[in-house]
Amino acid sequence: MKKNDSDELIIAYKELAFQHQEKENRAAELIIANKELIFQNEEKESRAAELIIANKELAFQNEEKEHRAAELIIANKELAFQNEEKEHRAAELIIANKELAFQNEEKENRAAELAIANIELAFQNKEKEKRAEELFIANQELKQAEDDIRKLNDELEQKVIERTAQLEAVNKELGSFSYSVSHDLRAPIRAINGYTKILQEDYADKFDADGVKVLNTIIRNSKKMGELIDDLLAFSKLGRKEVKVSEIDMTDLVKLVREELLYEDGDNIPEFDVKILPPAQGDKSLIKQVWINLISNAIKYSRKKIKTTVEINAYEQDDLIVYYVKDAGAGFDMQYYDKLFGVFQRLHSQEEFEGTGIGLAIVQKIIDRHKGTVWAESKLNEGTCFYFSLPKTKPLN
Amino acid sequence: MNYDNVEILLVEDSADDAMLTIRALTKSGLTNKLHHVIDGAEALDFIFCEGVYASRNNKEYPKLILLDLKMPKISGIQVLEKVKSDPELKSIPVVMLTSSNEGPDIEKCFALGANSYIVKPVDSDNFFKAIKEIGLFWIKLNQPQH
């Protein structure tokens, strides 16, 4: 033997001793552990029994729980449905809410607009009140003005009544003046004329030639004065006479006047060429006087011509009918035309052609009163044409 | 004085006019039975046989009355009215004489029953002619009915 082997045997002995020890230790420990295990086993068995009981309990509980779970599932489903419903409702509510919100906004807008409108109205209202007040004042002023006008009108009417009464009085006075003039002036002239005539007839042998001439002059002049008075009265009467308008057959009227005049005047009567005349509206007696004066003038101023014609005709011009009497007699100088229609104006001497000079003035006045016009054209020694127009429509007044 | 057989009663206040009228009628041979009174009052006395005419035979009526219109006291119109409203007298022709046709009386005279109306012309020739014609017409041609 070598040393190393010896050492290794010692060491291995020692190691076996130790392991033996260790195994004894280990066995002791195992006995203890075994004892422990037996106890533990016992414990575990009581524990198992307990566990079985507990297990049963758990199984029951489990079953309960399953029931409960089933119920919960149903409840859950119910809840899920309700949930869904609620979600729908919520969605609807959201929409409704949005709608309401929108409406609300609209209303607020509207309210704002109304507020503005309200302010505007309040302003307008105030303006209107102001205006109403102004109108009230204006109305009062108008009323005042109306009262004033009415008062003025009443005054005017009163004045018109007074003036009319005055005019009527004056007219009446003129009427009685004319009556007095014609009655009281004519009587002495008639006496002068009549008594001179008696002298002439019954005492002619007591007068020499000059005396007879004087008597003739008195007779002639008194007669003339009578004519002048009559003419003047006839003329002044025209202005007062009421114009009674009626339809006049002018052809008939001219025929009548001509016959009357030809019956009166004997010598050197002109030929008449009377056309069919349109009818007129006027006062028949006055228009007759116009024809009498114009036709007798034509006859008078034609007398010194050997054989002449008087033409009577008419034509229409606008709203007028123009009648005319045209003679081929003495005529007159147109430079004296402005005297033609004057009262007592004559363009011929008494010796040449007798007359008072009232005839044409009467014609003019009558035609004036019929709203017509009278005029003439003439040439000395060649003849004269007298025209008068009458309105086609009914004359006023 | 005998007022019977008076054919023409001339009622005229103007002596001058009356003389001219009478002369004209004389020249026409009509004045032998003419009586002239100078106003309306006298005319009524004559016609109704009163006053100075009380003794006149009230059955004798003139055949014609020539009555001037404008006279003092009682006017021609008043005389006319009395004559024409009397049933006994109204058939007597009454011719109104006046100096003018200006008065408002012409229509009134005819309304009251005047038979004629003449305006005395200034010219004596015409005056004589008018009076003569009236006299002849109403006396010779137009005999009163009673």
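The values are calculated or read from the model by the stated rules, or taken from the named source; none is laboratory data. From a predicted model like this one, the values you see are computed outputs, not experimental measurements. Glycine also receives a Cβ, built like all others from the backbone with ideal geometry; neighbour counts cover every protein chain displayed. For accessibility, only protein heavy atoms count, side chains too; no ligands or nucleic acids. Shrake-Rupley method; radii C 1.70, N 1.55, O 1.52, S 1.80 Å.
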Is it the case that region B:78-101 has a residue that's within 14 Å of chain A (Cβ to nearest Cβ) and open to solvent by 70 Å² or more (accessible area, probe 1.4 Å)? yes
Please indicate, with yes or no, whether at least one residue in region A:170-186 is away from chain B (no Cβ under 14 Å), within 25 Å of B:THR98 (Cα to Cα) and either of a type in the set (A, V, I, L, M, F, W, C) or open to solvent by less than 50 Å² (accessible area, probe 1.4 Å) (or both). yes
Residue list for region B:49-65, filter: out of contact with any Phe, Trp or Tyr (no Cβ under 9 Å at 6 or more places or on another chain) and in contact (Cβ under 8 Å) with a residue 12 or more places away in the chain: B:TYR61, B:ILE65
If the requirement is being closer than 21 Å to A:GLU247 by Cβ and at pLDDT 85 or above, which of these qualifies: A:LYS326, A:LYS371? A:LYS371
Candidate set from region B:111-125 (those that are facing chain A (nearest Cβ under 9 Å) and without any contact (Cβ under 8 Å) to a residue 40 or more places away in the chain); member that is nearest to B:SER99 (Cα to Cα): B:VAL119
Exactly one condition in (1) surrounded by fewer than 17 Cβ atoms within 10 Å (Cβ to Cβ); (2) among the polar types (S, T, N, Q); (3) touching a Lys or Arg at 6+ places or on another chain (Cβ under 9 Å) is false for B:THR21; which is it? (1)
Evaluate region B:46-66: report whether one residue or more is surrounded by fewer than 18 Cβ atoms within 10 Å (Cβ to Cβ), within 24 Å of B:ALA15 (Cα to Cα) and among the polar types (S, T, N, Q). no
Please verify whether region A:120-135 includes one or more residues that are open to solvent by less than 100 Å² (accessible area, probe 1.4 Å), within 14 Å of chain B (Cβ to nearest Cβ) and without any contact (Cβ under 8 Å) to a residue 12 or more places away in the chain. no
Only one of (1) within 9 Å of chain B (Cβ to nearest Cβ); (2) open to solvent by 50 Å² or more (accessible area, probe 1.4 Å) is not met by A:ASP208, so which one is it? (1)
Failed criterion for A:PHE344 (all others in (1) part of a loop (DSSP other than H, G, I, E, B); (2) more than 56 Å from the chain's Cα centre (by Cα); (3) of a type outside the set (Ser, Thr, Tyr) hold): (2)
Do we find a residue being open to solvent by 40 Å² or more (accessible area, probe 1.4 Å), of a type in the set (Phe, Trp, Tyr) and within 14 Å of chain B (Cβ to nearest Cβ) anywhere in region A:217-235? no
Here is a check on your reading of the model: is B:LYS140 open to solvent by 90 Å² or more (accessible area, probe 1.4 Å), farther than 25 Å from A:ARG240 by Cα and modelled with pLDDT under 80? yes
Can you pull out the residues in region A:125-168 that are within 30 Å of A:GLY239 (Cβ to Cβ) and charged (D, E, K, R)? A:GLU155, A:GLU157, A:LYS159, A:GLU162, A:ARG163, A:GLU168
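For (1) more than 30 Å from A:MET225 (Cα to Cα); (2) open to solvent by 80 Å² or more (accessible area, probe 1.4 Å), each residue gets a yes or a no:
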position: A:VAL325; (1), (2): no, no
position: A:ALA330; (1), (2): no, no
position: A:GLN335; (1), (2): no, yes
position: A:GLY372; (1), (2): yes, no
position: A:ALA376; (1), (2): no, no
Out of (1) modelled with pLDDT under 90; (2) within 25 Å of A:ILE198 (Cβ to Cβ); (3) surrounded by 23 or more Cβ atoms within 10 Å (Cβ to Cβ), the odd one out for B:VAL119 is which? (3)
Please go through region A:283-313 and pick out each residue that is open to solvent by less than 20 Å² (accessible area, probe 1.4 Å) and not in a helix (DSSP H, G or I). A:ASP283, A:THR308, A:VAL310, A:ILE312
Give me the helices (runs of 4 or more DSSP H) completely within region A:172-272, filtered to those with at least 2 residues that are among the hydrophobic types (A, V, I, L, M, F, W, C), in contact (Cβ under 8 Å) with a residue 40 or more places away in the chain and touching a helix residue (DSSP H, G or I) at 6+ places or on another chain (Cβ under 9 Å), ordered by residue number. A:209-240, A:250-264
